[in-house]
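Notes follow the structure.
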Amino acid sequence: MAFQLDSKVPEGPLKEKWTNHRFNMKLVNPANKRKFKVLVVGSGLAGASAAASLAELGYHVECFCFQDSPRRAHSIAAQGGINAAKNYPNDGDSVWRLFYDTVKGGDYRAREANVYRLAEVANNIIDQCVAQGVPFAREYGGMLDNRSFGGAQVSRTFYARGQTGQQLLLGAYQALERQIGKGTVRMHVRSEMLDVVKKDGRAVGIISRDLVTGEMKRFSGDAVLLCTGGYGNVFYLSTNAMGSNVTAAYRAYKRGAGFANPCYTQIHPTCIPVSSEHQSKLTLMSESLRNDGRVWVPKQKDDQRAPNDIPEDERDYYLERRYPSFGNLVPRDVASRAAKERCDAGYGVGATGYAVFLDFAAAIERVGEDVIRARYGNLFQMYEKITGENPYKVPMRIYPASHYTMGGLWVDYNLMTTVPGLFALGEANFSDHGANRLGASALMQGLSDGYFVAPYTVGSYLAEEVPLDGSGAVATDDPAFDQVEQEVQGRIDRLLSVGGKKSVESFHKRLGQIVWDQCGMGRSREGLEQALRDIPKLREEFWKEVFVPGSAGEFNPEVEKAGRVADFLEFAEVLCEDALAREESCGGHFREEHQTPEGEALRDDEHFAHAAVWEYKGDDVRPELSKEQLTFENVKLTTRSYK
Amino acid sequence: MKLTLHVWRQAGPQDRGRMEMLQVDGITSDMSFLEMLDKANEDLIHDGKEPVAFDHDCREGICGTCSMVIDGVAHGPQEGTTTCQLHMRAFKDGDSIHIEPFRSRAFPVIKDLVVDRGSFDRIIAAGGYVSVNTGSAQDANNLPVRKKDADMAMDAAACIGCGACVASCPNGSAMLFVAAKMGHLAHLPQGQAERKERALSMVAQMDAEGFGACSNHYECEAVCPKEIPATFIGSMNREFLKSSLCPDS
């Protein structure tokens, strides 16, 4: 049976939807809030902000993270900034413009009402963070400073040096720790959720593994919030943290939650290129660098000269050439593809030929080295540590890498998945970025969901669906928990008993190569069909030849990794199925068969203006596709042009 | 290059632990220190042995998870650098490298190089925050902050909570960590209302966790991957003294 996808977008004009919806939602009486328990999985921006905010309201909250502290979630690595339409620079910004830019930036594949709400609450996020003591950059008069980011012609990005994600996360983490100190949140660190428990179709709890003792634990709750991030590590090499994984979202998918638009993956244009086969991860160089850096390659193929020896007229500033109005600040998908195009054509630089220059010489000449150091000092330092080269003197070498995933669990306007009581927040859901996310919008969405959306919508669910007398509560000794725990334990036992010779890591690397080659920046029917033949073979080999050392009942990082890679090996197929089914190019999804003569993405709004939602139908069975038609009443669908 | 590693192996909190020697070959200068350990672990797994357990996550120097003492120095020989950002170009062929966990009474070893730093979270929970519920904030620009103060707050807020300061201090003191959080909030108008209570409660928790006191060795400043200056400890002492002597003024 296909999904019945009701987006639950409220009636009324766009500008009034969220206001009206807040009024119409049911409330939980303050004295009754303590009768409900909410499980929050993940402690990044979305998870920490949701857990703290729900606890402030009076709910009992249990929060889980696989790291050793909630402060370490990968939101911490976001560098550049967070958008809001404060219009402090007086350059013509407005909520409507932020909404419009975000819908356009997403190549018209996001839900209008969600994006408008995001733009609307963005200003509250900045207020909240400043009140928490987030040390945003300021001007000499003491007011907040803004900078520009890709895909916008106004300056609306708030930032804290190159560590905005860190500072926002610490704000949310401190709010969370405050509640932990008060005893309203019980925090479970080094604890990994391995499955969702359902009863009568509703999410009633989770099974998690204590990563220190290896013990399986059961937690019941009246609602479960997955704030577990994206699946960028399906590519193996990515800018994600080593532990970032798809397991929680994929487990939810296998329990009946629809997975939407997995093929919308963001390949970030400015990362430090791959240098050797031992590389374990890639490092982002913030998009903010494109404010002052100019991207170029030599005009001559295979030019081996040092960059500073190549005269000005022999350089091709290809972004400025192709996109004169946005120049180096075109959105990420456009910049990534343009880099790939140059390198594939033989103009790339560096040892592998898969890199382009990001050059600060002109900016240093214009404003001086000190100003550039004040703006990007920590990024330049990070670059030098990794590459051993000084970017004040020599242009950086950069290349695109997997960074963020716009796809995720399908959620309605209330952030609830197709499983009642199971919510998804932040990068784990699919909702706000369409087919491409603009810079400085991930932090905005994570905090919007956690601080200002879920606290209302989760309350409304509890008020409407969960009886106050506790008769809806499911005890952890219920057979529903027994069964799921047995399945989870069985899977771990199976992983340990394969007894092969090959490491988990080696399989992850090979999977990443397949997905990067066939489902990366450029995708074709032929390549995707090949991937759909190769992935099941690799998975079969994994279950025959993997070696997982140690035992399940102890601290064992290899067991953790094995479970995550096993899930990626299944999930990668859903990703490729989605990329194959979407016979158009849009945002981060570029099908080589569908492009304009100039090589730009060619959308097909007549047939593909929908969210593609995949439903699990059994192992080794093709998932079933349902569609949520997207309607645009407020913006006109045009070909996205940054020329 | 070929290296000899002497790595701390400890099966669990109750185990006595010991140094174990490992040979690792095929290391290139562009590998990170953790990629070198990945290689050593791949070799161990290939031989059917248990890999060395170590904590790591973002591998870009910001999450604060990685935590190793390398040749006696927390995070190794390169200044202002976390273990994950240390690259093998800092070593040469034939080197012997000693790798140990961040040791301290308040950081019990879980396994091999992995320690429990939950005490840091409990110190923050004791008062390292501004009490502002979601929704109760005024417009962000209503309260101007001198650029100098904002910059100073940011210098302190750059702390990644890794615990290198504790591991390197002969007293096992966490004062640089605590001072950084206190200094961050004390430099902002938002942090003023709870300033005194914060100083008292964070210090009380720090003591309860078993951390030692500062006696001016400055080892913490020397190893801090974010180069947070020890002058914040001086400010913290003043904060604590003022709050203790005149809690109501």
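The values are calculated or read from the model by the stated rules, or taken from the named source; none is laboratory data. Just so it is clear, the structure is predicted and the values come from calculations on it, not from any experiment. Reconstructed Cβ throughout: ideal geometry from the backbone, glycine too, with neighbour counts over all protein chains shown.
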Residues that are crowded, with 17+ Cβ neighbours inside 10 Å and touching a strand residue (DSSP E or B) at 6+ places or on another chain (Cβ under 7 Å), at least 2 per element: which helices (runs of 4 or more DSSP H) completely within region A:455-552 meet that? A:479-497, A:504-519
For region A:281-295, give me each residue that is over 17 Å from A:S325 (Cα atoms), touching a Leu at 6+ places or on another chain (Cβ under 7 Å) and of a type outside the set (A, V, I, L, M). A:K281, A:S286
Residues of region B:27-50 that turn out to be assigned to a loop (DSSP other than H, G, I, E, B) and not small (G, A, S), as a count: 7
With a cut-off of at least 2 residues that are in contact with a helix residue (DSSP H, G or I) (Cβ under 9 Å, 6 or more places away or on another chain), name the strands (runs of 3 or more DSSP E) lying wholly within region B:51-129. B:68-70, B:96-101
I'm trying to understand the selection: among the residues of region A:114-125, which are within 16 Å of A:T102 (Cβ to Cβ) and more than 20 Å from the chain's Cα centre (by Cα)? A:E120, A:N123
If only one of B:G212, B:G183 is touching a strand residue (DSSP E or B) at 6+ places or on another chain (Cβ under 9 Å) and small (G, A, S), which one is it? B:G212
Is it the case that B:G26 is within 18 Å of B:G94 (Cβ to Cβ) and either among the β-branched types (V, I, T) or assigned by TED's automatic domain parsing to the domain that holds B:R89 (or both)? yes
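At the interface with another protein chain (Cβ under 9 Å from one of its Cβ atoms), surrounded by fewer than 21 Cβ atoms within 10 Å (Cβ to Cβ) and either more than 24 Å from A:T213 (Cβ to Cβ) or in contact with a strand residue (DSSP E or B) (Cβ under 8 Å, 6 or more places away or on another chain) (or both), is that true of B:R89?
yes
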Within the bounds of region A:208-226, is there any residue that is within 26 Å of A:V621 (Cβ to Cβ) and small (G, A, S)? no
Of B:G80, B:G94, B:G72, the only residue that is of a type in the set (G, A, S) and within 9 Å of another protein chain (Cβ to nearest Cβ) is B:G80
